[in-house]
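Trainee: Got a structure for you, written out below as structure tokens; questions coming shortly.
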Amino acid sequence: MKTQSAISIQQSAIAALLLLIFFTFSLSQLVSTSPTFDEGFYILRGYAFFRTGHLIPLGHPPFAQTLSALGVMLEPDLPDPRTLDGWSTDKYDDASRDLLWQRRLNATRIVFLARFPILLIGLIVGAITFKWAKELFGWKSGLAALALHALSPNLLAHAALATTDLPVAAFYFFTLYFFYRLTKDPLTSDFRDFKNLGSLLRPALVGISFGLALASKFSALLLFPTLGVITFIQLIRHADLMNKQDVSFRGAFSATRNLFWGFWILGFGVFILWSTYFFSPSFTHYFSELTHLNQLASEGHNAYLLGEISTMGWWYYHLVVFFIKTPIPVLILFVLGVLRIAYSVTPYALRNTHYVFLLFPTLLYFLAASLTSLNVGYRYLLPILPLVHIIASSVVRSWKLEVGNLKLGFWKLGFGVWNLFIVSLFIVHLISTFASAPNFLSYFNEFVGANGYKVLSDSNIDWGQDLPALGKYLNGRKVYLSYFGQADPSYYGINATMLPGWPPPRTEPTFYSPADPAPGLYAISASNLVGVQLYDANAFAYFRELKPSSIINRSIFIFEIPVHKPITTFAQCAPTMLNKTDPLINRPLRQITFDCDKSLIIPNEPTLLLYPLEKSPISGVGDPVYQWQWNSGIVRYRLYRVESTESSSLIAKGKYLSLIKYDLTPDALILQWRVEEPAPPPVSIFVHFNYPDGALADSSDGLGVSAEQWQRGDVIITKHLIPKNLLQGIYEIKVGLYSLANGERFSEINLTQLKK
């Protein structure tokens, strides 16, 4: 039998191995990715605050950036922030670009140094997760919780980034843990507590964590109602215990002590928060930036979910995000953990310490996330992930490692079956994490897989992290690039012609036709592909209908557009919807307007046809190549690409128009004409329905395309409705072209008989 010491050493060794796995996985992403959308600005802010004491307005407290700056300061020969481009004019985006890219410093090393302190915090989160789960459910649960932490793609992703998300998650979690320790045994203290250093240290740890959480991100303000409700529940529980034990004096003392703790925690937290501002008057920025953030939240923020774009978000956004970006084994274990708690719950157990600390913050956080319009990504859920892992680990509380009873028969397996099930879940989790490494930011579970870009965008999949991988893939080849990020593609050896994107390219992008992209190689970030932040959400709708030739880490899509004839003509329904200055047609094109209810023109050259939503071509032209729609999803217009139509058929040759084809239906006569030469306007097509004796029964005239717009070789299709008032009988159909000015007929063609 193993001694307790040997077991403890074994546990520590396994825990250390799991932390090493977390470190290695996270480090793999840290060194292989470009700075994400926000990191460049964050790095500048932290570094500038250290060097100058000037706090750049951002909408976040400064602690996370200051922490990253501790690493950045190790980089030698960094310029004074005040000498950077844009600093004197408060254009801090320019200053951040100057710091990382324009001065040709070692940006890779700077980013590494900024990210590394965040990675260390991720390790501490893992250690506390292990410790808390072990205290609650035993060492097996502790190791299980740590394993879930070490293999969590979302924690691995954000532990490798110099952003605010992992720090706020860490200190949010630390605050809950230290508060749990503080309130764990409320009846064990007496007056001697105030002489005990531990009685002050434990609330101080709560206050420190609380202050650093508040200093990391404004979402930590949720700790106020969280700790408040937990305290209230604890007081009720405490009162029950007092009544049972009839210790009124100690109860009164404990209430006084708890009040003292509350002021101690709050005071220490505010002091720590102020210290992150270096005790400067800039502490007032905390409240002004909070006000500014609330204003931005009320105005809305473009978000993408399940193919839709919204500025005000969806209440179920974070539930969907959690469901499709959390590994399936973790989801299963979490549900089992909640069910286990629910199964064992009693009215008193609802107020049990660990149930309160695990379930209530998780529930409240999801509730708060459902009420916010800031639907940015999974990263907003990071603060509850350690709690989710601990709840999930509770199901292995009674897990027995022995499975030798398998040989006894299926009906006698007992814990052996449970063991196999749990082991299988962890194996699947391990394989899934290994398969996604090091591309943890773009991880989606098997419910979605490679189709994640069709469901979510932004930091859920594409945050500008994959320029190094794109550079390796291109290997010097030229590319048209729409990049969702602020890093410099040329730093990674990418020879790019910039397309419209977000943020807008620093240099004027080359002309790009959304319905007729030039031949070449295209690389489009997933977030730009769906258009969530673009001025025109449909800028890359053409590519959304194409199969990519390759996908870089699920975040950058590669397309190859073959050599083809460029569009030279633009035709649209009257009245016109787009003018010559519209980005779609802002180039020399032949312009045609036609009545799309009665006609269709197919020029003798590659053409774009524009139809409003309520209209459609009178003859088949294939599927739309582009569809412009509002952010609400309502389509405004559709574009069709048509090539020149060569026809060898000829029914009747005319002076200006030759009839090449016709189609008679019960409702209409469709005529196809080929332009032989422009006609003197004004002209029209006549369609006469004649009695057998030659007398006119009815007619349906019309053309719909002005003769001034004709060119030799164009095909004009006209639609003529069959009059509903025609009596039953047989009618001769005669068609042709005539002058509206003097009635002269340029052609006259007898087609067929109409039997009605």
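The values are calculated or read from the model by the stated rules, or taken from the named source; none is laboratory data. Owing to the predicted nature of the structure, the values given are computational and were not obtained by experimental measurement. All Cβ positions, even for glycine, are placed from backbone atoms using ideal geometry, and neighbour counts span all protein chains on display.
Trainee: For the stretch 555-591, give me each residue that is at pLDDT below 90, of a type in the set (Val, Ile, Thr) and either in contact with a helix residue (DSSP H, G or I) (Cβ under 6 Å, 6 or more places away or on another chain) or closer than 30 Å to residue 474 by Cβ (or both).
Mentor: Answer for the stretch 555-591, where residues must be at pLDDT below 90, of a type in the set (Val, Ile, Thr) and either in contact with a helix residue (DSSP H, G or I) (Cβ under 6 Å, 6 or more places away or on another chain) or closer than 30 Å to residue 474 by Cβ (or both): 563, 567.
Yes or no, residue by residue, for (1) in a strand (DSSP E or B); (2) at pLDDT below 90:
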residue	(1), (2)
716	yes, no
719	yes, no
726	no, yes
733	yes, yes
738	yes, no
741	no, yes
747	no, yes
752	yes, yes
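Trainee: Hey, can you tell me all the residues within the stretch 414-470 that are of a type in the set (A, V, I, L, M, F, W, C), more than 25 Å from residue 144 (Cα to Cα) and part of a helix (DSSP H, G or I)?
Mentor: Result: 450, 467, 469, 470.
Trainee: Please state which of the following conditions residue 537 fails to meet, knowing it meets all the rest: (1) under 23 Å from residue 715 (Cβ atoms); (2) at pLDDT below 85; (3) of a type in the set (Gly, Ala, Ser).
Mentor: Looking at each condition in turn, residue 537 falls short on (1).
Trainee: Here is a follow-up. State whether the residues of the stretch 592-610 include one that is at pLDDT below 80, at negative phi and not in a strand (DSSP E or B).
Mentor: no
Trainee: Still on this model: Between 489, 519, which is assigned by TED's automatic domain parsing to the domain that holds residue 557 and in contact with a Leu (Cβ under 7 Å, 6 or more places away or on another chain)?
Mentor: One residue alone meets the criteria, 489.
Trainee: Also, quick follow-up: Counting only residues that are polar (S, T, N, Q) and more than 16 Å from residue 318 (Cβ to Cβ), which one in the stretch 447-465 is surrounded by the most Cβ atoms within 10 Å (Cβ to Cβ)?
Mentor: 465
Trainee: For the stretch 414-446, what are the residues that are among the aromatic types (Phe, Trp, Tyr) and buried (at least 16 other Cβ atoms within 10 Å of the Cβ)?
Mentor: Matches in the stretch 414-446: 418, 426, 440, 443, 444.
Residue-wise test of (1) basic (Lys, Arg); (2) in a helix (DSSP H, G or I); (3) touching a strand residue (DSSP E or B) at 6+ places or on another chain (Cβ under 8 Å); (4) free of Cβ contacts under 8 Å to residues at least 24 places away in the same chain.
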| site | (1), (2), (3), (4) |
| --- | --- |
| 10 | no, yes, no, yes |
| 19 | no, yes, no, no |
| 26 | no, yes, no, no |
| 34 | no, no, no, no |
| 41 | no, yes, no, no |
| 48 | no, yes, no, no |
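Trainee: Across the stretch 359-409, which residue is surrounded by the most Cβ atoms within 10 Å (Cβ to Cβ) among those that are at pLDDT 90 or above and of a type in the set (Ser, Thr, Tyr)?
Mentor: In this case the residue turns out to be 393.
Trainee: Then there's this: With 248, 216, 189 as the choices, which residue is modelled with pLDDT of 60 or more and either surrounded by fewer than 23 Cβ atoms within 10 Å (Cβ to Cβ) or within 30 Å of residue 464 (Cα to Cα) (or both)?
Mentor: On inspection, the qualifying residue turns out to be 216.
Trainee: Let me ask you something else. Can you find a residue that is within 58 Å of the chain's Cα centre (by Cα) and either part of a strand (DSSP E or B) or closer than 23 Å to residue 593 by Cα (or both) anywhere in the stretch 688-697?
Mentor: no
Trainee: With (1) assigned to a loop (DSSP other than H, G, I, E, B); (2) at pLDDT below 75 as the list, and residue 283 as the residue in question, which single condition is left unmet?
Mentor: Tallying (1) assigned to a loop (DSSP other than H, G, I, E, B); (2) at pLDDT below 75, residue 283 fails exactly one: (1).
Trainee: Condition check: under 20 Å from residue 465 (Cβ atoms) and either in contact with a Pro (Cβ under 9 Å, 6 or more places away or on another chain) or in a helix (DSSP H, G or I) (or both). Does residue 543 satisfy that?
Mentor: So residue 543 does not fit the description; no.
Trainee: Select, from 271, 278, the only residue that is of a type outside the set (A, V, I, L, M), in the same structural domain as residue 176 (by TED's automatic domain parsing), on the phi > 0 side of the Ramachandran plot and modelled with pLDDT of 70 or more.
Mentor: Exactly one residue qualifies, and that residue is 278.
Trainee: Scanning the stretch 647-661 for residues that are of a type in the set (Gly, Ala, Ser) and outside any strand (DSSP E or B), which turns out surrounded by the most Cβ atoms within 10 Å (Cβ to Cβ)?
Mentor: 654
Trainee: Related question: Test residue 115 against the stated conditions and say whether it is in contact (Cβ under 8 Å) with a residue 40 or more places away in the chain, among the basic types (Lys, Arg) and farther than 28 Å from residue 11 by Cβ.
Mentor: Considered against the rule, which asks whether it is in contact (Cβ under 8 Å) with a residue 40 or more places away in the chain, among the basic types (Lys, Arg) and farther than 28 Å from residue 11 by Cβ, residue 115 comes out as yes.
Trainee: Let me ask another. Within the stretch 525-537, does at least one residue satisfy the condition of being in contact with a strand residue (DSSP E or B) (Cβ under 9 Å, 6 or more places away or on another chain), farther than 27 Å from residue 318 by Cβ and touching a residue at least 24 places away in the same chain (Cβ under 8 Å)?
Mentor: yes
Trainee: Something else now. Within the stretch 587-620, how many residues are among the basic types (Lys, Arg) and crowded, with 16+ Cβ neighbours inside 10 Å?
Mentor: Matching residues across the stretch 587-620 total 1.
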